[in-house]
Amino acid sequence: MNSSTTLVVLLLIIIIVQQSYNTILNLTGSSSTSAFSAGCTLSLGQKSSSKEDNSPPSLPTTSSRPPSTSKVGLCAIVKDVSRYLDEWADYNLLALEFTELFLYDNNDDFVLEAWAEQRRRLSNQKVTAIHAPGRDEIQEEVYNKCMRQFGSRVDYMAFFDDDEFLVLRQHDRVADFLDDTLIPGSSLSINWRIFGSANKTDYAPLPVTYRYQYRRPEVAPNVKVIVRPQDWERMLTAHSVKLKPKQSPPRSGWRDTSKQIRNFTKNGVLNEARPDDVAVLHHYKYKSAQEWYWKSCIRKDVSTPQNSATRNCKDTLHVGKEHDDRAWEFLKKKVPKYALFEQFEDYAQE
């Protein structure tokens, strides 16, 4: 076969293939031109003419802007929490990206000293552990010491417990959230959502945010607080602060995530407005029935005198009604190793 014959054969093959392709496009009701045009239209943010987009708008994000350079610290007093402390530290340091944890060890022995040293050595994380044994209303005293000693190292300081996990609804990083939400001169109070036992009777070595995903339907009025060190004068309670007086115009006040000054009750402990659309604290108060009995009736609160009955001992153990896995999904997203726990069987199921 000479070159001219070969060229003719190739041209015939090309024509046949092109005709077949056009036939397929006509049968499916599309064309290369219309497909390209639709792609261009959608890329400009317009709706497709063939189907209206009724999906809900996505939440605002801060991913398109440079991350905040603000430093955020977290003060907590902890006792007998080694089972869940790594998860809580990972959630705050790796997922929310707190700058530093300041943990006061309320055990008689200084058990957090080696734990904090290991995290600093292996992960280069900023974790400071301080021994603070004793009882008798120690929590406010510890928070005051924490701010006075470490407040100069951060731009914001939070005061949470080891069973409280901050869930952000419009941000991925705690520093971005605070830059956008906390009004200078004021404190920022965040309401609880209380999680129940999920009908778990015994302890199992699984993350608390994975195992306990059922909560009460309503937002609790109880709050915890975040404040700038330069606006802080002292703690009023473990839930609220006394702010320094400000010059005109007056901006000082107890605010919630709506940025509004609210009429808090019980010395700043309760906010009946109960917002949760920007941020909320998931409070894993109960865990399993076994753990709740030990915590409330045997170990007792850090502020309960050794020989006194705790007010929580006779509390009803709440199971939780509404499923909420936001904290767990956020932890998996930011710290992917936690997804492996979903492969383990909960041998202590109800």
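Some notes on this structure:
- There is no residue in region 134-143 that is hydroxyl-bearing (Ser, Thr, Tyr), buried (at least 22 other Cβ atoms within 10 Å of the Cβ) and in contact with a helix residue (DSSP H, G or I) (Cβ under 7 Å, 6 or more places away or on another chain).
- Filter pass, Leu188 being more than 29 Å from Arg83 (Cβ to Cβ), touching a strand residue (DSSP E or B) at 6+ places or on another chain (Cβ under 7 Å) and outside any loop (DSSP other than H, G, I, E, B): yes
- Residues that are open to solvent by less than 10 Å² (accessible area, probe 1.4 Å) and under 30 Å from Lys332 (Cβ atoms) were ranked within region 147-166; the one that is nearest to the chain's Cα centre (by Cα) is Leu166.
- Scanning region 191-207 for residues that are of a type in the set (A, V, I, L, M), part of a loop (DSSP other than H, G, I, E, B) and open to solvent by 10 Å² or more (accessible area, probe 1.4 Å) turns up Ala198, Leu206.
- Screening region 316-350 for residues that are touching a Lys or Arg at 6+ places or on another chain (Cβ under 9 Å) and at pLDDT below 85 and picking the one that is most open to solvent (accessible area, probe 1.4 Å) gives Glu350.
- Asp176 being free of Cβ contacts under 8 Å to residues at least 60 places away in the same chain, under 30 Å from Pro66 (Cα atoms) and open to solvent by less than 20 Å² (accessible area, probe 1.4 Å): no
- Looking at region 208-272, none of the strands (runs of 3 or more DSSP E) lying wholly inside it contains 2 or more residues that are surrounded by 19 or more Cβ atoms within 10 Å (Cβ to Cβ), in contact with a Gly (Cβ under 6 Å, 6 or more places away or on another chain) and polar (S, T, N, Q).
- Boolean, Asp277 is acidic (Asp, Glu), surrounded by 14 or more Cβ atoms within 10 Å (Cβ to Cβ), at pLDDT 80 or above and within 21 Å of the chain's Cα centre (by Cα): no
- Checked against (1) of a type outside the set (Ser, Thr, Tyr); (2) farther than 24 Å from His282 by Cα; (3) open to solvent by less than 70 Å² (accessible area, probe 1.4 Å), Leu122 meets all criteria but (3).
- Residues of region 85-103 classified as under 20 Å from His131 (Cβ atoms) and either open to solvent by 10 Å² or more (accessible area, probe 1.4 Å) or in contact (Cβ under 8 Å) with a residue 60 or more places away in the chain (or both), total: 4
The values are calculated or read from the model by the stated rules, or taken from the named source; none is laboratory data. In this text the structure is predicted, and so the values were computed from the model without any measurement. Here the Cβ is made from the backbone with ideal geometry for all residues, glycine too, and neighbour counts use every protein chain on show. Side chains included, ligands, DNA and RNA excluded: accessible areas come from the protein's heavy atoms. Shrake-Rupley method; radii C 1.70, N 1.55, O 1.52, S 1.80 Å.
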